[in-house]
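Colleague: Have a look at this one before I ask anything.
The values are calculated or read from the model by the stated rules, or taken from the named source; none is laboratory data. From a predicted model like this one, the values you see are computed outputs, not experimental measurements. All Cβ positions, even for glycine, are placed from backbone atoms using ideal geometry, and neighbour counts span all protein chains on display. Only protein heavy atoms, including side chains, enter the accessible area calculation; ligands, DNA and RNA are left aside. Shrake-Rupley method; radii C 1.70, N 1.55, O 1.52, S 1.80 Å.
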Amino acid sequence: MAFTLPPLPYAYDALEPYIDAQTMEIHYTKHHEGYVTKLNDALKAYPDLEKKSIDELLSDLSKLPEAVRMAVRNQGGGHYNHSLFWLMMRHNGGGEPRGAIGELIKKNFDTFGAFQKEFNTKAAGVFGSGWAWLCLDPQGNAVVLSTHNQDTPISERHTPLLGLDVWEHAYYLKYQNKRVSYVDAWWHVINWDQVEENFRMATK
Ligand code: MN
């Protein structure tokens, strides 16, 4: 087994009332676990690929054999994105970031409010399933972008700092079709310490 489900660093109900325990449990034990299982199934015939890190596999999809490219993109992307996503949230999170990430946001978006507005617009604008991201572009600027399905910013040479899953499976039980309410709630659980750490790792 090349890839494994990483431990969830908090209880399923830790993000209540913003993200409900049932959604967290299903999302982690069914959806994320499913991506891991299907990725491992797809790579069984490729022992050389099984040895690589998920970052390596996703950072240049064109290098992969065509027969597994789509599976790595979808299942591998799902594994990678969710592994980041759990860490980017915490109990008693939210607020405005300080530190280097706070400065970066002010440099590239002028104000935290302007960044938040742009991020919300991107998250609301994803047609169907996907993600909204705060990333570093190849020049080191902070940018907001969205990806479809389980596509990841690292496949486009962008480093994710913060990401939000806007697949319906991430919010439908509590928020039904009201994605905007889910996005508004999610700002209360962001783990800015982790975002700061992601920025530090990306720029060291
Ligand atoms: Mn998801």
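Colleague: Go through segment 166-189 and give me each residue that's out of contact with any helix residue (DSSP H, G or I) (no Cβ under 8 Å at 6 or more places or on another chain) and among the β-branched types (V, I, T).
Modeller: Residue satisfying the conditions is V189 alone.
Colleague: Test R69 against the stated conditions and say whether it is open to solvent by 20 Å² or more (accessible area, probe 1.4 Å), touching a Leu at 6+ places or on another chain (Cβ under 9 Å), away from the ligand (no atom under 16 Å from the Cβ) and among the basic types (K, R).
Modeller: Here the answer is yes, as R69 does meet what is asked.
Colleague: Mind listing just one residue for me: the one in segment 144-173 that is among the hydrophobic types (A, V, I, L, M, F, W, C) and open to solvent by less than 40 Å² (accessible area, probe 1.4 Å) and, of those, farthest from L61 (Cα to Cα)?
Modeller: It comes out as A170.
Colleague: Tell me, please, whether a residue that is outside any helix (DSSP H, G or I), within 15 Å of the ligand (Cβ to nearest atom) and either surrounded by 12 or more Cβ atoms within 10 Å (Cβ to Cβ) or modelled with pLDDT under 95 (or both) can be found in segment 36-46.
Modeller: For segment 36-46, residues outside any helix (DSSP H, G or I), within 15 Å of the ligand (Cβ to nearest atom) and either surrounded by 12 or more Cβ atoms within 10 Å (Cβ to Cβ) or modelled with pLDDT under 95 (or both): absent.
Colleague: Right, L134: within 16 Å of the ligand (Cβ to nearest atom), in a strand (DSSP E or B) and open to solvent by less than 60 Å² (accessible area, probe 1.4 Å) or not?
Modeller: For L134, the condition - within 16 Å of the ligand (Cβ to nearest atom), in a strand (DSSP E or B) and open to solvent by less than 60 Å² (accessible area, probe 1.4 Å) - is not met.
Colleague: Which number in (1) open to solvent by 60 Å² or more (accessible area, probe 1.4 Å); (2) outside any loop (DSSP other than H, G, I, E, B); (3) without any contact (Cβ under 8 Å) to a residue 24 or more places away in the chain marks the one condition that Q139 misses?
Modeller: The number of the failed condition is (2).
Colleague: Still on this model: Quick check on this structure: which one of H31, H79 is within 14 Å of the ligand (Cβ to nearest atom), under 19 Å from P9 (Cβ atoms) and touching a Leu at 6+ places or on another chain (Cβ under 6 Å)?
Modeller: H79 is the lone residue from the list that is within 14 Å of the ligand (Cβ to nearest atom), under 19 Å from P9 (Cβ atoms) and touching a Leu at 6+ places or on another chain (Cβ under 6 Å).
Colleague: Moving on to the next point. Working only within segment 2-21, note down all residues that are touching a helix residue (DSSP H, G or I) at 6+ places or on another chain (Cβ under 6 Å) and over 12 Å from G78 (Cβ atoms).
Modeller: Selection gives A2, P6, L8, Y12, D13, L15, Y18, D20.
Colleague: Can I ask one more? Condition test on T23, is it surrounded by 13 or more Cβ atoms within 10 Å (Cβ to Cβ), over 17 Å from the mean Cα position of the chain (by Cα) and in a helix (DSSP H, G or I)?
Modeller: The answer is no for T23.
Colleague: If you scan segment 4-28, which residues turn out to be hydroxyl-bearing (S, T, Y), away from the ligand (no atom under 13 Å from the Cβ) and within 15 Å of L87 (Cβ to Cβ)?
Modeller: Y10
Colleague: Based on this model, can you work out whether F109 counts as more than 20 Å from K204 (Cβ to Cβ), within 16 Å of the ligand (Cβ to nearest atom) and touching a Phe, Trp or Tyr at 6+ places or on another chain (Cβ under 9 Å)?
Modeller: no
Colleague: Right, here's the next one. Could you tell me whether H188 is on the phi < 0 side of the Ramachandran plot, open to solvent by 10 Å² or more (accessible area, probe 1.4 Å) and in contact with a His (Cβ under 9 Å, 6 or more places away or on another chain)?
Modeller: When the stated conditions are applied, H188 does not pass them.
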